[in-house]
Each structure stands twice: as structure tokens, then as C-alpha cells.
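In what follows, a structure is listed as C-alpha cells, so that the remarks can point back to it.
The values are calculated or read from the model by the stated rules, or taken from the named source; none is laboratory data. Everything numeric in this text was worked out from a predicted model, so none of it was measured. Don't worry about glycine lacking a Cβ; one is built from the backbone with ideal geometry, like all the others, and counts go over all protein chains shown.
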Amino acid sequence: MKLEDKFFKAFFYPFLSGVILCTFIVITFLGFFTNKTFDKRTGQKIIDFRKNYSKIIINSANILLQKKFLKFQTGLNELAIFYQKVAYDLLNSNKNHNFNNSFLKCVFNLGDDFCDNMPEGTEHMALWILDSETTEENLEEKKDVKYQLIAFSNIIHNLDVILETVKPETQFFFFILT
């Protein structure tokens with residue numbers, strides 16, 4: 001048996017009992033002496049102090065949240081205006097438009113090994129699903145949906161910048177286009 005183990009067995013239990021006994025004695029003396037000096041007026045002052053302190057903390061948190069949501073609301077308002085401009089340009093132009101499918105993916109085209117083969121830098125992505133048959137290949141039949149997806153694919157990067165203003169409070173966002 002090592003000397004270290006002998007010292008541990010010889011001194012650990014007396015040390016542990018000493019710590020427990022000292023803690024009990026201190027708690028007993030504090031309870032005995034503070035019981036006579038504590039009155040209702042002092043207790044009420046302590047409670048009022050904690051209430052006022054809590055109000056200050058809640059008000060400062062309220063101001064911080066209002067600033068965050070004001071940034072978020074302003075960004076989304078600007079994004080809605082930009083979305084309307086892109087949609088107006090799509091409807092009034094005569095050329096054939098394709099949407100950027102590097103960030104906007106159909107759920108049916110992902111496959112089982114999509115996450116394993118995901119290229120670097122594509123962690124910000126949007127997924128879409130219309131019904132159980134519509135994919136990127138047969139989207140030509142539904143022009144309105146295609147135009148909506150083209151407009152949305154043009155604003156994904158702007159939306160990502162706006163959503164970064166509320167991080168780390170949120171991790172994921174879900175939008176439903178109707």
C-alpha cells in the first residue's frame with residue numbers, strides 16, 4: 001500500500017467529519033443570533049429592494065428586446081418591399097428566368113445522403129415543397145409557383161443577413177409562402 005493511500009485513509013474521515021461539524025455549528029450560531037435581530041421592517045425593506053432591483057432588470061431586458069425586434073421588423077419591411085420589386089420585375093419581363101437552386105432546394109430532390117455530401121458554405125438554405133409530385137424538373141407547368149420561387153431565391157441572402165441580427169437568440173426560422 002502506498003504512503004498516499006495510508007494518509008488518505010488516516011486523515012480523510014476526520015477531515016470530513018470536521019467540515020460537517022463546523023458547518024453545523026456555524027449554521028446553529030447564525031440561526032440563534034440572527035433570529036433575534038431580524039424584524040419585519042428589515043425583512044420588508046429587503047423584499048422592496050429586491051422588487052426594485054427586479055424591475056430595473058426587467059425594464060433593461062425590455063429595452064434590449066425592443067431594439068432587437070425593431071431591427072428585425074425594419075429589415076423584414078425592407079425585404080418585403082424588395083420582394084415586391086423582384087416579383088414585379090419578373091412579371092413584366094419577357095425573358096426566361098431560372099431560380100438559384102444552390103440555396104433553394106426542393107425537399108424531394110435532397111436524397112438520403114444529402115447532408116453527407118453538402119458542400120461547404122451552404123449551411124444557410126431554404127427548402128420548399130408544394131405537393132407530393134411537384135419537383136424542380138416539372139415546375140414549368142406551374143408558372144405562378146415558379147415565379148414565386150424565383151423571387152424568393154433572389155432574396156435568400158438578404159433574408160439571411162436580417163435574421164443574423166437576432167442571433168444567438170434564435171437558431172432556425174420557418175416561413176410559409178402561400
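Kindly evaluate Glu120 against the criterion of being exposed (fewer than 10 other Cβ atoms within 10 Å of the Cβ) and modelled with pLDDT under 85. In short, yes.
Could you go through segment 64-76 and let me know if any residue there is over 30 Å from His157 (Cα atoms), among the polar types (S, T, N, Q), exposed (fewer than 12 other Cβ atoms within 10 Å of the Cβ) and modelled with pLDDT of 80 or more. First the steps, then the outcome.
So in segment 64-76, the residues over 30 Å from His157 (Cα atoms) come out as none.
No.
Considering the conditions (1) loosely packed, with under 13 Cβ neighbours inside 10 Å; (2) at pLDDT 75 or above; (3) within 30 Å of Leu65 (Cβ to Cβ); (4) not basic (Lys, Arg), Phe152 is excluded by exactly one of them, (1). As a summary of the residue check, Asn101 satisfies the conditions (1) touching a helix residue (DSSP H, G or I) at 6+ places or on another chain (Cβ under 8 Å); (2) assigned to a helix (DSSP H, G or I); (3) at pLDDT below 75 except for the one numbered (2). Of the residues Ala61, Ala87, the single one that is in the same structural domain as Gln148 (by TED's automatic domain parsing) and surrounded by 10 or more Cβ atoms within 10 Å (Cβ to Cβ) is Ala87.
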